[in-house]
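Visitor: Have a look at this one.
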Amino acid sequence: MVAGSGGNWKPAAARVRYPRIARACFHLNWIFLIAWGLYLGGPDVSGLLDRTRGGALYALFTGSFFLLHFILISTGIIALFVVIIEVHSRRPVAGFPSVLAALALPILSFLYFAARYLAEVGRWLEK
């Protein structure tokens, strides 16, 4: 586009770059929050699982939920390096909040599960 044509032309230095990996983090955050909502809703939310938190289908859900934690943290770390490189080279970059959320959500989730597990162990030791 030419500068005088009335479009959205900006010089290369003024364009804000939204790295693809940061955009992937944004979408993975929503998928993660949906999975968390299903988990907190209980096993009977979808109507596919048994009423108990057992069985092969529930194990498949929780296994994929754990895998989603791993993917989100890995993608978030890579995206953080990309954003740091962009900022260090003094180029305007967007997507930093998505990257921080991609790192914070699974860490908070792991802390929740760790606290829950420790509480369960405490109950076992009291018996």
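The values are calculated or read from the model by the stated rules, or taken from the named source; none is laboratory data. Quick caveat, the model's predicted, so the values are computed rather than measured. As a convention, Cβ positions derive from the backbone with ideal geometry for all residues, glycine included, and neighbour counts pool all protein chains shown. Just the protein is used for accessible areas: all its heavy atoms, side chains included, with ligands, DNA and RNA removed. Shrake-Rupley method; radii C 1.70, N 1.55, O 1.52, S 1.80 Å.
Visitor: From Leu28, Leu33, Leu57, which residue is touching an Asp or Glu at 6+ places or on another chain (Cβ under 8 Å), modelled with pLDDT of 60 or more and of a type in the set (A, V, I, L, M)? Before the answer, list the steps.
Guide: Working: Leu28 fails: touching an Asp or Glu at 6+ places or on another chain (Cβ under 8 Å); Leu33 fails: touching an Asp or Glu at 6+ places or on another chain (Cβ under 8 Å).
After ruling out the rest, the residue left standing is Leu57.
Visitor: Separate question: Collect the residues in the range 108-121 that are open to solvent by 90 Å² or more (accessible area, probe 1.4 Å) and within 18 Å of the chain's Cα centre (by Cα), keeping them in residue-number order.
Guide: Selection gives Leu108, Leu111, Tyr112.
Visitor: Same structure, new question: Regarding Gly122, is this residue within 23 Å of Ile34 (Cβ to Cβ), at pLDDT below 90 and of a type outside the set (Ser, Thr, Tyr)?
Guide: Values: within 23 Å of Ile34 (Cβ to Cβ): no; at pLDDT below 90: yes; of a type outside the set (Ser, Thr, Tyr): yes.
Judged against the criteria, Gly122 is not a match.
Visitor: State which residue pairs qualify: first residue outside any helix (DSSP H, G or I) and inside the range 25-47, second residue surrounded by fewer than 11 Cβ atoms within 10 Å (Cβ to Cβ) and modelled with pLDDT under 80 in any location, beta carbons under 9 Å apart, and separation of 6 or more residues or different chains.
Guide: That search, which allows pairs on different chains as well, returns Gly42/Arg51; Pro43/Arg51; Pro43/Thr52; Asp44/Arg51.
Visitor: Looking at Trp124 and the list (1) in a helix (DSSP H, G or I); (2) closer than 20 Å to Ala22 by Cβ; (3) open to solvent by 80 Å² or more (accessible area, probe 1.4 Å), which single condition is not satisfied?
Guide: All conditions are met except number (2).
Visitor: Consider Phe81 carefully, then state whether it is assigned to a helix (DSSP H, G or I), surrounded by fewer than 18 Cβ atoms within 10 Å (Cβ to Cβ) and within 13 Å of the chain's Cα centre (by Cα).
Guide: On the way: assigned to a helix (DSSP H, G or I): yes; surrounded by fewer than 18 Cβ atoms within 10 Å (Cβ to Cβ): yes; within 13 Å of the chain's Cα centre (by Cα): no.
Criteria not met by Phe81.
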